Each structure stands twice: as C-alpha cells, then as structure tokens.
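Any read-out appearing in this document is the output of simple, stated calculations on the displayed coordinates, not a laboratory observation. None of these values were measured; they are calculated from a predicted model. With ideal geometry, Cβ positions are generated from the backbone for all residues, glycine too; neighbour counts draw on all protein chains shown.
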Amino acid sequence: ENTMKRVRRPLVQLDAQGRVQSHGAHTPLRGIWHTTESHDAPSIRDLEGIVSFWQRQKKGYGAHVIIDKSGNSALCVPPEKIAWHTGSRNTGSIGIELIGFARFVPKVWFVRRRQLHKLARWMAWLNLAYDIPLVFDVERGWNGHVDQPNQTHWDPGPGFPRKHVLRLAVKYRTEGWS
C-alpha cells in the first residue's frame with residue numbers, strides 16, 4: 001500500500017499550490033531549511049506575504065513549504081515538483097522556509113516551539129512519503145541552505161537547532177501526529 005495514502009500530511013493553513021511556480025518533476029532526496037529573513041505577522045499574513053513576494057518578483061523563485069512562528073504552514077509546490085529555492089541544487093531538494101531570521105540565537109528558536117514542531121512533522125511526513133532520511137546530510141537527508149555547495153546565503157543560521165529538530169522528526173515519524 002502507498003505510504004502517502006496511509007499517512008496524513010501535516011495540516012496546511014494556506015494552500016498556495018498554483019500561485020508559486022514549479023519547474024518540472026523530480027524525486028525528492030533531501031530537504032533544505034531556509035529562513036525568510038522577514039518578521040512575523042498575525043494569522044497567516046506572513047505566509048501570504050511570502051507567496052505574494054515570490055509572485056511579484058516574477059523570477060520563478062519559491063519553496064515547497066513555508067512555516068510561521070505559530071506553526072501555520074503553506075504548501076506552495078507539491079513535493080514531486082521542483083521549486084527554485086537553492087541555486088543549482090533545486091532538483092532533488094525540498095525547500096522549507098521558516099518565517100524568521102538567520103541571525104536568531106538558539107534561545108529565540110526555542111521560543112518558537114510551534115514552528116519547530118510543525119517543521120518536524122513535515123520532515124517526518126516527507127520521510128514516510130518520499131523516503132528522505134531524518135539525518136543531517138547534504139545529499140540525502142536534511143541540511144541548511146548554508147550547507148549546500150557554492151551558496152551565498154547563511155540561513156537558517158548557526159543558532160538553528162538542527163539536532164533538536166531532527167530528534168523531533170524521528171519522534172513524530174515513530175509516534176505519529178494529529
């Protein structure tokens with residue numbers, strides 16, 4: 001039986017599929033964490049704002065998922081489609097944008113508990129649905145934009161709690177989520 005049919009995707013508060021450009025089909029192998037370098041807004045206004053920004057740019061940029069501080073998420077591009085979020089590393093990559101800044105220190109990230117937990121649920125689901133391993137690995141696993149070769153961005157920043165998020169994802173992978 002298809003794993004995707006048995007495991008429900010994390011809850012999406014904004015379905016932006018079709019509003020963010022995709023660039024052909026691919027097989028996801030890795031996930032890449034990003035920060036939007038933008039502030040939080042009430043409700044899903046920050047998610048809407050990022051989608052609108054990508055539309056206004058008209059450059060084809062985007063990501064698969066955006067998650068805000070409150071744990072609201074937007075699905076922008078289906079995982080089996082390519083989104084342009086990391087220069088020359090888009091094919092095979094799932095891009096997840098976190099509303100926030102690369103300059104955040106760990107203390108700030110840990111206050112954003114709902115955001116980290118929603119990220120971990122997405123990672124667990126992507127593991128079950130597309131077999132992306134829940135390990136830190138640049139080729140086949142999870143990593144930051146900064147970890148990809150030949151990049152100019154440093155997100156999600158040195159304070160991002162990657163080990164904590166990976167542990168949470170393994171927990172959700174094992175125990176599930178509602």
- Could you size up the charge dipole of the chain around its Cα centre, putting +1 on the beta carbon of Lys and Arg and -1 on that of Asp and Glu, and report it in debye to the nearest 20? 340 debye
- Antiparallel DSSP beta bridges within the chain, percent to nearest 5: 20 percent
- Could you name the aspartates and glutamates whose alpha carbon sits less than 13 Å from that of Lys118, not counting residues in the same chain fewer than 8 places away? Asp68, Glu97
- Query: Which whole-Hz ³J(HN,Hα) couplings does the range 64-81 yield from phi under the Karplus relation 6.51 cos²θ - 1.76 cosθ + 1.60, θ = phi - 60°, glycine and proline marked x?
  - Reply: 6, 9, 10, 10, 9, 4, 7, x, 6, 10, 10, 9, 9, 9, x, x, 7, 10
- Item | Neighbourhood charge, 15 Å Cβ-Cβ cut-off, centred on His153 and excluding it, Lys, Arg +1 and Asp, Glu -1 | -2
- Task: Could you give the size of the charge dipole of the range 96-176 about its Cα centre, using +1 on the Cβ of each K and R and -1 on the Cβ of each D and E, expressed in debye and rounded to the nearest 20?
- Result: 520 debye
- Message: Here are a few candidate values for Rg and Dmax of the Cα atoms in Å: (1) 14.6, 43; (2) 23.7, 68; (3) 17.5, 49. Which one was actually calculated from the structure I just gave you?
- Response: (1)
- Query: Using modelled backbone amide H atoms (1.01 Å from N, in-plane), which distant-in-sequence or interchain residues come within less than 5 Å of Gly144's amide H?
  - Reply: Trp33
- Item | Charge dipole (the chain, unit charges on Cβ, about Cα centre) - positive-most of Thr174, Ala63, Ala41 | Thr174
- Per DSSP H run of at least 4 residues, take -39500 (n - 2.57); add these up for the chain, divide by its residues and hand me the 222 nm value, nearest 500 deg cm²/dmol. -9500 deg cm²/dmol
- Picking from Gln17, Phe101, Asn90, whose Cα lies most toward the positive end of the charge dipole for the chain (charges on Cβ: Lys, Arg +1; Asp, Glu -1)? Phe101
- Query: Tell me, what HN-Hα J-couplings in whole Hz come from the Karplus equation 6.51 cos²θ - 1.76 cosθ + 1.60 at θ = phi - 60° for each residue of the range 24-40, using x for Gly and Pro?
  - Reply: x, 8, 7, 10, x, 10, 8, x, 10, 7, 9, 10, 7, 6, 9, 7, 6
- Note on the structure: Where a ≥ b ≥ c are root eigenvalues of the Cα gyration tensor, a/c under 1.5 meaning rounded, otherwise prolate if a/b exceeds b/c and oblate otherwise, the range 1-72 counts as oblate
